[in-house]
Amino acid sequence: MVTRPVFGGGKGDAASTHTSADWPLESDPVPVPAWSEQNIPGKDVGLLAARPIRRGERIMARTPAVMIDGASVDALPVDSFAGLLHDAAASLPEPHRGQFFNLSTNYGSTGEDTSENEAYQIFATNAFRTGVADGEPDLHSVFRDISRINHGCQPNCAYFFDPATLTHNVYAVVDIMQGEELTVAYIDPIQTNADRQAKLHRHWGFGCTCARCSLPPHRVAESDDRVRSIQALLTTLDDYTTPLPEAMSANVTVGPSAGELLVLLFELEGLHARMHEAEYRLALEWNGVGDALRATQAARRCLDRGLLVRGAEQAFLTNMRQLVADPAAHWSWKFRLDNGEKTGGEKNNTK
Ligand SMILES: C[S@@+](CC[C@H](N)C(=O)[O-])C[C@H]1O[C@@H](n2cnc3c(N)ncnc32)[C@H](O)[C@@H]1O
């Protein structure tokens with residue numbers, strides 16, 4: 001009998017064997033890391049999947065290296081802000097301090113070559129908005145590792161900040177193959193190719209070369225057309241005052257078929273990190289015509305997707321839970337069949 005009380009972080013381990021040979025159990029098995037840092041042509045450093053990663057897997061959870069109140073960015077002259085930021089980062093213990101000062105400074109490096117300016121450039125290149133509730137207070141945070149994830153317009157990962165634990169979480173929103181680059185969206189991907197490129201240039205100083213941006217022109221045109229359809233559908237579906245019969249005679253696209261079309265367009269555009277938004281609209285449209293079962297199916301999918309990328313406490317998730325619990329008692333029940341009197345919906349609250 002072999003027993004090792006310290007094995008598994010103190011959980012212990014016992015084995016029965018016929019051999020007196022040493023068991024290779026000197027330490028915990030080392031888990032295979034999900035990613036590794038690599039140089040990626042045209043992007044400096046990025047993260048590649050070191051093994052297959054399943055949709056839904058949490059890839060990283062990190063607390064901030066530095067958190068900054070947005071009001072101080074506005075209130076202070078750049079030099080003073082950069083000095084404070086530098087001192088805050090310099091006070092971190094190693095290896096966290098080294099990891100912070102190692103981050104990218106790609107945000108249009110200007111100004112003097114001082115370590116204060118370097119801290120400022122690191123902040124500008126890598127900070128995430130991490131406001132607690134409805135963006136208040138307006139906090140911005142820099143995280144090791146997570147800040148190495150490059151942008152993609154069809155990202156395979158999504159993140160959300162959990163204010164209760166001050167933890168930034170990164171989840172896989174699709175199955176990811178070994179060797180594939182991990183990406184998140186730095187900007188709203190529901191924009192045409194030209195609008196996405198312009199925004200990335202303006203705010204981040206790079207041109208995107210992701211698969212969606214590198215399509216041949218005829219497929220870019222098709223993708224842009226789908227984006228415009230998504231934008232139009234989001235506008236009509238979020239107007240809860242248009243009853244279905246009236247909409248049909250006025251050629252306005254609402255109802256379950258419009259919701260199904262929205263889901264399809266999200267899929268075709270690879271908007272996996274945003275699927276909860278399409279499923280939310282579909283759930284409401286089915287409930288709006290009194291089909292409780294189909295409404296519940298879409299609401300379940302919305303919950304599954306939404307919990308992954310938004311955490312547990314969002315209003316739209318509560319809304320979907322209420323629909324699942326009792327579709328006929330939900331505010332949206334048969335709202336498309338009424339005469340536009342029900343307007344109690346919570347509009348567009350999936351973001
Ligand atoms: C938050 S950092 C990401 C990690 C960074 N690549 C590094 O080396 O640490 C943001 C910077 O990465 C680069 N970057 C991110 N996504 C990119 C992309 N899709 N194409 C080109 N450069 C990208 C840009 O220089 C951007 O300013």
When A194 is run through (1) more than 18 Å from the chain's Cα centre (by Cα); (2) within 12 Å of the ligand (Cβ to nearest atom); (3) modelled with pLDDT of 95 or more, the failure sits at (2)
Here is a check on your reading of the model: is G205 outside the structural domain of T253 (by TED's automatic domain parsing) and more than 15 Å from the ligand (Cβ to nearest atom)? no
Of the candidates L234, L215, L264, L268, the one satisfying the condition of being within 16 Å of the ligand (Cβ to nearest atom) and either aliphatic (A, V, I, L, M) or free of Cβ contacts under 8 Å to residues at least 40 places away in the same chain (or both) is L215
So T125 ticks every box in (1) over 30 Å from L233 (Cβ atoms); (2) within 12 Å of the ligand (Cβ to nearest atom); (3) in contact with a strand residue (DSSP E or B) (Cβ under 7 Å, 6 or more places away or on another chain) but one. Which box is left unticked? (3)
Among the residues of the range 97-105, is any modelled with pLDDT of 85 or more, of a type outside the set (G, A, S), assigned by TED's automatic domain parsing to the domain that holds F123 and not in a helix (DSSP H, G or I)? yes
Quick count over the range 209-223, residues being surrounded by 17 or more Cβ atoms within 10 Å (Cβ to Cβ) and under 15 Å from L265 (Cα atoms), is 2
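Within the range 236-251, can you find the residues that are hydrophobic (A, V, I, L, M, F, W, C) and under 31 Å from the mean Cα position of the chain (by Cα)?
Scanning the range 236-251 gives a single hit, L237.
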Members of the range 32-49 found to be in a loop (DSSP other than H, G, I, E, B), away from the ligand (no atom under 12 Å from the Cβ) and exposed (fewer than 15 other Cβ atoms within 10 Å of the Cβ), listed by number: V32, P33
Here is a list: E181, E222. Which entry is of a type outside the set (A, V, I, L, M) and away from the ligand (no atom under 16 Å from the Cβ)? E222
Take G131 and decide whether it is in the same structural domain as R58 (by TED's automatic domain parsing) and modelled with pLDDT under 90. yes
Kindly check whether there is at least one residue in the range 137-144 that is within 16 Å of the ligand (Cβ to nearest atom) and among the basic types (K, R). yes
In this structure, does D188 turn out to be under 11 Å from the mean Cα position of the chain (by Cα), surrounded by fewer than 17 Cβ atoms within 10 Å (Cβ to Cβ) and either within 16 Å of the ligand (Cβ to nearest atom) or in a loop (DSSP other than H, G, I, E, B) (or both)? yes
Quick one: which helices (runs of 4 or more DSSP H) lie wholly within the range 210-269 and hold at least 1 residues that are in the same structural domain as R294 (by TED's automatic domain parsing) and out of contact with any helix residue (DSSP H, G or I) (no Cβ under 9 Å at 6 or more places or on another chain)? 217-237, 244-249
Somewhere in the range 59-71, is a residue within 27 Å of the chain's Cα centre (by Cα), more than 16 Å from the ligand (Cβ to nearest atom), assigned to a helix (DSSP H, G or I) and assigned by TED's automatic domain parsing to the domain that holds H168? yes
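The values are calculated or read from the model by the stated rules, or taken from the named source; none is laboratory data. Everything quoted here is computed from the prediction, not taken from an experiment. We place every Cβ from the backbone using ideal geometry, glycine too, and count neighbours over all the protein chains shown.
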